[in-house]
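The values are calculated or read from the model by the stated rules, or taken from the named source; none is laboratory data. Small disclaimer: the values here were computed from a predicted structure and weren't measured. Here the Cβ positions follow ideal geometry from the backbone for every residue, glycine too, while neighbour counts run over all protein chains shown.
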């Protein structure tokens, strides 16, 4: 028997409960993992609320990202063996599999080998944030090594935002972080942001002026945005000619107008990025991304900011903390 | 004295009148041209209606594109001499200069040499349509020579749309033309479109299905769109992964929502293009574009479809014909 976090109805973190389940032997293409740590992602709150790309089928498991030790291997799995330390990210079969559990079977496609010199907590916080930041900024957004560019990173205090600051710096570019209020501004500077802009109450023109003031009057080269809504209008005004705005989320819940006139004036681009569709499920792109990411993970250049760890018994509290929006960095649950 | 088309109040073509004006000697950087033919552009109707980027100052001249013979040259002009045959496009000082006149002074920056083997009518119909099509499809949209791509060209019966079909073919790509109703479908096929889709009443899904049906299930690689409004939602659903939608106009008068979810699902891009900002005023890009366009203009590969020519006395009727939206190709006014 194994403790598993599940929910039987859509709602908030209060829906989550720990139940004892018999875990079957892994099927073909599956690997069974004893989970040591699991990182929280905002998409899980949306899945819990019934607002994600995939509808939950009850009872539904939760947890897209984790790390642990392989305890059994199904047929047709050649890349992993019992005792291997692995990361899980992203869990492809959302709801049927979940990293918020002591033990679970996962598709082998969801696993990555864990470097021996990183902890399980770190291994449970890398594979969503850093590939999202790298794929979004570099592969979709056109950030180039040593090109003297600048990147605007919105909602920068999230785990992806903080990873994006590091990826920006690793390419020799300037990181301009945005946050709604001044509360997290100092933490963002401490985390390495070159400039912080607080966006509450700014008009597009004012935001554009602030970005131009720190980019030699030019505007940003890449923007990396999970907010959408009014943020897109701000970014369109702050873009340099030929800039790319990469949207990877919809936190505001508001769909903006297409800023066509700004695009026509500047020639800038808007695109969308989803880490699973455009990177993790694309072996050729993943090869390029891993060649950049893995050495920098192992040498400590890329290191997640851990906001807080919770015991597995407190998994609902961990998600409540995530929904409070007061955290800075990654929230992690550790299994006993 | 010279006959000049002018207007003293915003409105429709009925505001245009022919007046006799003394044309002063060209100033520094200016060239005086005896105009032989002038091509009509939709932007001129918007300028006349007070809905263009630039507000008219009365009395305002009209006409962004023409061709004629140099009759005088101002100070600091070295590229042109009396007797040179030239195209004017685009007239930079909209309203203060206008190609709908027997004679006018233009900034030398607005002129292009006319090849000797093309007529004045052809020389008055090339420099708006073909650079717009080339810059939009190739430089902004990523159409590549011989890459087996496909382009969706909306509002395809305009002079730019017809040029876009030719530019698409010159790159070995498939041209999928759209038109609102079946009226112009056969003409579009005759003009070289590989496929024609009539869009009135189509849902985004239905439009996407029709585009996928003629692109091996893949969707288009580039879309070239002056319509905006609901057309953007249709295009977002028909895009292949990594496709680029290039918006170069706002004919619908409706600003669409940003199709963020389609962009995130596909990884496709939306950008804007303006022929003056992103090509004609950018010498480096213009050099590349001219190297592609000029030989194909001179050898007849690129040839505008002339819908109808009007006498200069009927200039108001020419603009009425343009606003009727029944034309197919370019409308031209010929001076006596």
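Structure values in brief
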read-out	value
Residue count, the stretch B:201-244 (criterion: closer than 16 Å to residue B:261 by Cβ, free of Cβ contacts under 8 Å to residues at least 60 places away in the same chain and in contact with a strand residue (DSSP E or B) (Cβ under 8 Å, 6 or more places away or on another chain))	6
Search result, residues across the stretch B:230-259 that are crowded, with 23+ Cβ neighbours inside 10 Å, at the interface with chain A (Cβ under 7 Å from one of its Cβ atoms) and more than 18 Å from residue B:134 (Cβ to Cβ)	B:232, B:258
Residue within the stretch A:291-313 that is buried (at least 16 other Cβ atoms within 10 Å of the Cβ), over 30 Å from residue B:266 (Cβ atoms) and over 20 Å from the mean Cα position of the chain (by Cα) present	yes
In the stretch A:1-23, the residues that are within 22 Å of residue A:121 (Cα to Cα) and either in a loop (DSSP other than H, G, I, E, B) or under 19 Å from the mean Cα position of the chain (by Cα) (or both)	A:16
Residue match in the stretch B:214-221 (condition: at pLDDT 95 or above, over 20 Å from the mean Cα position of the chain (by Cα) and within 14 Å of another protein chain (Cβ to nearest Cβ))	no
Test for residue A:66: is it in contact with a helix residue (DSSP H, G or I) (Cβ under 9 Å, 6 or more places away or on another chain), surrounded by 20 or more Cβ atoms within 10 Å (Cβ to Cβ) and closer than 18 Å to residue A:310 by Cα	yes
Of residues in the stretch B:148-184 being at pLDDT below 95 and surrounded by fewer than 18 Cβ atoms within 10 Å (Cβ to Cβ), the one nearest to residue B:132 (Cα to Cα)	B:180
Positions within the stretch B:260-283 being within 13 Å of chain A (Cβ to nearest Cβ) and free of Cβ contacts under 8 Å to residues at least 12 places away in the same chain, in sequence order	B:260, B:261, B:264, B:265, B:277, B:281, B:282
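Results for (1) part of a loop (DSSP other than H, G, I, E, B); (2) in the same structural domain as residue B:163 (by TED's automatic domain parsing), shown as yes or no for each residue.
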| site | (1), (2) |
| --- | --- |
| B:189 | no, yes |
| B:192 | yes, yes |
| B:196 | no, yes |
| B:209 | no, yes |
| B:228 | yes, yes |
| B:233 | no, yes |
| B:245 | no, yes |
| B:271 | no, yes |
| B:289 | no, no |
